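The values are calculated or read from the model by the stated rules, or taken from the named source; none is laboratory data. It should be emphasised that the depicted structure is a prediction, and the values quoted were computed from it without experimental measurement. Every residue, glycine among them, receives a Cβ derived from its backbone with ideal geometry; neighbour counts consider all protein chains shown.
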């Protein structure tokens, strides 16, 4: 899975936001604000990846147990999918 084309991750002051561009801006109005972990996961999803690969990356970069990481990632991915942001 990966993020659909047309969504750009940007750092604006102290905030990390995602904005639609091009055709994506016709289907998605607004922007998304991400915390540090959300931005980390988003960057992984800019390329084809799996939940298992995301869990491995999270465990390597954050002090979190596997069950907590997997649950958070699955919630994040489900939210993005429900908003139509994943391919």
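Looking only at the range 23-57, how many residues end up being closer than 16 Å to residue 78 by Cα and part of a strand (DSSP E or B)?
Count: 2.
Filter the range 35-50 down to the residues that are in contact with a helix residue (DSSP H, G or I) (Cβ under 9 Å, 6 or more places away or on another chain) and in contact (Cβ under 8 Å) with a residue 24 or more places away in the chain, then identify the one that is surrounded by the most Cβ atoms within 10 Å (Cβ to Cβ).
45
Residue check, residue 5 against (1) more than 19 Å from residue 51 (Cα to Cα); (2) in contact with a helix residue (DSSP H, G or I) (Cβ under 8 Å, 6 or more places away or on another chain); (3) not in a loop (DSSP other than H, G, I, E, B), all met but one. Which one?
The number of the failed condition is (3).
I'd like the residue in the range 69-83 that is touching a helix residue (DSSP H, G or I) at 6+ places or on another chain (Cβ under 8 Å) and closer than 14 Å to residue 1 by Cα and, out of all such residues, is modelled with the lowest pLDDT.
Checked the range 69-83; the qualifying residue modelled with the lowest pLDDT is 80.
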